[in-house]
Structures are given as C-alpha cells and as structure tokens.
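Notes follow the structure.
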Amino acid sequence: MQKGWMIRAGRGGKLVEDFEKGYIAVGWNSLGDFNKLGTTDQIRETYIAEYGNAKPSKTANAVAMIRKFRDEISKGDTVITYSPERREYLIGEDLGKYVHKPDRDLVGDYANARAVNWIGSVSRDSLPVSTRNSLGSTLTLFALQDFVLADLQKALSGAPVSEEEDSTEEDFSDTRDQVVSQGHELIKDKILSLQADEMEELVAAILRAMGYKTKVSPRGPDRGVDVSASPDGLGLTQPRIKVEVKHRSGAMGSQAIRSFVGVLRTGDNGLYVSTGGFSKEARYEAERATFPITLIDTDDLADLLVAHYENFDLEGRALLPLIRVYWPAE
C-alpha cells in the first residue's frame, strides 16, 4: 500500500533547491553509511557513541527517523517537502534507493539521501486547515495521515479540496485546545520531576508571583507548615497563608487535613498542596474545617504556574523554565 512521507529540507527549508535536483536527505553524517548500522539497537548504540544521550527523547526521535529513512520509505511512496519562502509543498515519488555518498554533493553537505522524482507542487493556502495543521509537525521526517495524502493528491490534480462550512474555525479551535492540553501535561511532568524541597520553593515562587512575600521553613520538623506567606512577609497583615506541601504518590486522606487544621490559628488561611491528589474524605474535611483551606493538586498547580509565570522572579524561573507560545487570536 502506498504511503506518504513529509521530510523537511533543513531548518527553514534552506535545502529546498538542493532537494529539487532529485534527492531528499537527512544529516547525521558522522554515523556513516546507514546500511552498516544493522538493527534499531545497533543504530541507537552507534548514535549514542557519536552524539551522546543527554536527552533520551532526542535520541529516540533520531533513531526512529534514521530507521524510517533507511527502511520504511519504499519505492513508489509519495514524498513531500516544504518551501517556506514559496509556501509550497513539493510532491514527488520515491525511486526506491537509499544512498550514502559522502564524496558527492547531492544535497548540500548531507551524505544520506534518497532519489526522488518530483511531480509537482501545491500551495499551502489551497489546503484545508486540518491538513495544514497535520503538516505543521516540527519533526524532520514523519508519515502522512491518509486524509492528508488524499488532500495533497487532489490539490495536485487540480481537483477542488474543500472542507465543511465552519470546520476551519472548529479545526483551529481543536488544534489550539490540543496544544494547550499537551503543554499542560508536559508542565505537570516537569513539576512531578522536582525534588521535595524544590516543590516547596516552587509553591513559594507562585505565591510571590501573586504578590505575597514568602518564607520557606528550614528542613526538619516544621509543625505542619512548609511555606508561610503574607503581604508584608512578617505575618502581621492579612491574608496570612500557611502552606503544607506533600510531594509524593498517593492521595492525601482526611487525617492529614485534620492534622494541618491543628496548626492553623485565628486569621490564618490554609493551603494544602499534594501532587498525589486528595481522597474524597480529605476534600470533605477541608470543606467542613473551621479555617479557610484550599486544596491544590498537580493540575491546579500547573494552572497556577501558567497563570502567574510572567510575574515569576529569577529564582522561580530557574526552578522550572518555561517559554511562551504565541497563538493567533480568534
């Protein structure tokens, strides 16, 4: 069955003109001839020996793309690449042969290439939003979904490529929601990777970003309070916040909440942070407490982090670095 593949022509499409000469290519020249690397495990071992493994996810992506480029693209498969300057997708047919030519200038200085017969091109603006979104992956090489391949082939033949009325806005919204959801989960992963003392510092950083002055209790017996916060930092003005931070797996139960209530005094507001969440009984205990208590789980913590990150100080940003992602306004 014919498959479709997207391969990027270098960063920013800088190799498009070289690709147009009849080849697609990938880097990793230091690995030599891909045919000599053998199995996936051997590819991984060779890659790590050459480039290291500081980021295992980066290693896994590289190994997967090397294997796909060498083994999974087949003769007759559709191959596309993108020219950002022209906003066009070049569409071609793989000629079925991976070559390693370190002594020939096939595609810039890339030695690992495949021959392609380019058939034509399609304007990105002529494609449905759902297809454009699917083609937006930043991976160097990835397989095309069936509907994307079908849309590209229709556009190439001159047939109209349409989508249902209002689907553009829906696809746009769905993609945005997906990006936000993925970002939320990745931020949670980063939060959960922190050490217990770093988690206390993170909570304190969020409170400082919200306008409070904080004090993190030294290690050792803290009598149920890990972080204290107030407008003046001395606890002389209200609201006066006392925070307990539990960074562990497993939901906190009602007894933990009752113990925390025992350290609160008149004028205190309690904040209980648990990355393992809370049991139903614990939430009920917090609701019936005589002091105001707010329970914060990992989802809540991630939301607070994003909402107030712009006001984070240097210590907070160093603890959990984030970058802003801009999105077109509706």
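What the table below lists for this structure:
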read-out: Selection within the range 206-265 - among the hydrophobic types (A, V, I, L, M, F, W, C) and within 16 Å of E285 (Cα to Cα); value: A251, M252, A256, I257, F260, V261, V263, L264
read-out: Complete set of residues in the range 22-42 that are of a type in the set (A, V, I, L, M) and either within 22 Å of G10 (Cα to Cα) or without any contact (Cβ under 8 Å) to a residue 24 or more places away in the chain (or both); value: I24, A25, V26, L31
read-out: Residues of the range 143-153 satisfying the condition of being without any contact (Cβ under 8 Å) to a residue 40 or more places away in the chain and surrounded by 18 or more Cβ atoms within 10 Å (Cβ to Cβ); value: D151
read-out: Subset tally (residues that are under 23 Å from the mean Cα position of the chain (by Cα), of a type in the set (S, T, N, Q) and not in a helix (DSSP H, G or I)) for the range 30-61; value: 1
read-out: Residue count for the range 61-95, restricted to those that are among the small types (G, A, S) and closer than 18 Å to K21 by Cβ; value: 2
read-out: Residue within the range 291-300 that is within 24 Å of the chain's Cα centre (by Cα), of a type outside the set (G, A, S), more than 18 Å from V216 (Cα to Cα) and surrounded by 16 or more Cβ atoms within 10 Å (Cβ to Cβ) present; value: yes
read-out: Residue in the range 44-57 that is closer than 24 Å to K97 by Cβ and of a type outside the set (A, V, I, L, M) present; value: yes
read-out: Residue within the range 49-65 that is touching a strand residue (DSSP E or B) at 6+ places or on another chain (Cβ under 9 Å) and touching a residue at least 12 places away in the same chain (Cβ under 8 Å) present; value: yes
read-out: One residue from V79, V16 being within 15 Å of F142 (Cβ to Cβ) and assigned by TED's automatic domain parsing to the domain that holds G136; value: V79
read-out: Condition broken by L236, with the remaining ones in (1) over 32 Å from the mean Cα position of the chain (by Cα); (2) in a strand (DSSP E or B) satisfied; value: (2)
read-out: Complete set of residues in the range 122-142 that are surrounded by 19 or more Cβ atoms within 10 Å (Cβ to Cβ) and among the small types (G, A, S); value: S130, S134
read-out: For D77: the one exception among (1) in contact with a helix residue (DSSP H, G or I) (Cβ under 9 Å, 6 or more places away or on another chain); (2) surrounded by 15 or more Cβ atoms within 10 Å (Cβ to Cβ); value: (1)
read-out: Selected residue (criterion: surrounded by the most Cβ atoms within 10 Å (Cβ to Cβ)) from residues of the range 43-74 that are under 21 Å from T138 (Cα atoms) and of a type in the set (S, T, N, Q); value: T59
read-out: Flag if Y89 is crowded, with 19+ Cβ neighbours inside 10 Å, part of a helix (DSSP H, G or I) and modelled with pLDDT under 95; value: no
read-out: Sole residue being loosely packed, with under 13 Cβ neighbours inside 10 Å, in a helix (DSSP H, G or I) and of a type in the set (D, E, K, R), chosen from E287, E281; value: E287
read-out: The range 1-29 - residue that is at negative phi and in a helix (DSSP H, G or I) and, of those, nearest to the chain's Cα centre (by Cα); value: R11
read-out: Subset of the range 301-320 [surrounded by 10 or more Cβ atoms within 10 Å (Cβ to Cβ) and not aliphatic (A, V, I, L, M)]; value: D303, H308, Y309, N311, F312, D313, E315, G316, R317
read-out: Options S130, S157; residue that is out of contact with any Phe, Trp or Tyr (no Cβ under 7 Å at 6 or more places or on another chain), farther than 21 Å from M65 by Cβ and in contact (Cβ under 8 Å) with a residue 12 or more places away in the chain; value: S130
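The values are calculated or read from the model by the stated rules, or taken from the named source; none is laboratory data. These numbers come from a predicted model, not from an experiment. Don't worry about glycine lacking a Cβ; one is built from the backbone with ideal geometry, like all the others, and counts go over all protein chains shown.
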